[in-house]
């Protein structure tokens, strides 16, 4: 069975959208400047519409009218800055939604959790060393 013309138009439009919008569009390629890594973050929105009609039912074999369309908006919203193992977010937009605020807080949360876990691991090692010293009678 032959493909309907609207299917071909939709396929071409979706392929063009895929070419424009991929993960590299949202999270950009890292840029390294003097040991600091800068990663651009963008908000991508897109819309897609298609429609068609077989006009005049008397001779539908060759009659078709239709169209497709799409729109893409790409707006830079932030940069992730990685320097000496620390991650910071530099926002470009003043008005943020709760989701944006949560995403903005993530790097700081990761840094705090990492520092906390390292401290806890160190404290456990120190406690184990103190117990070992007490058992051998060498602790002052």
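The values are calculated or read from the model by the stated rules, or taken from the named source; none is laboratory data. In this text the structure is predicted, and so the values were computed from the model without any measurement. Note that each Cβ is placed from the backbone with ideal geometry, even for glycine, and that neighbours are counted across all protein chains shown.
General remarks:
- Scan of region 73-89 for residues that are in contact with a strand residue (DSSP E or B) (Cβ under 6 Å, 6 or more places away or on another chain) and exposed (fewer than 12 other Cβ atoms within 10 Å of the Cβ), ordered by number: 73, 75
- Among the residues of region 90-128, the one identified as surrounded by 14 or more Cβ atoms within 10 Å (Cβ to Cβ) and farther than 24 Å from residue 29 by Cβ is 96.
- The single condition among (1) at pLDDT below 75; (2) surrounded by 11 or more Cβ atoms within 10 Å (Cβ to Cβ); (3) in a helix (DSSP H, G or I) that residue 63 does not meet is (3).
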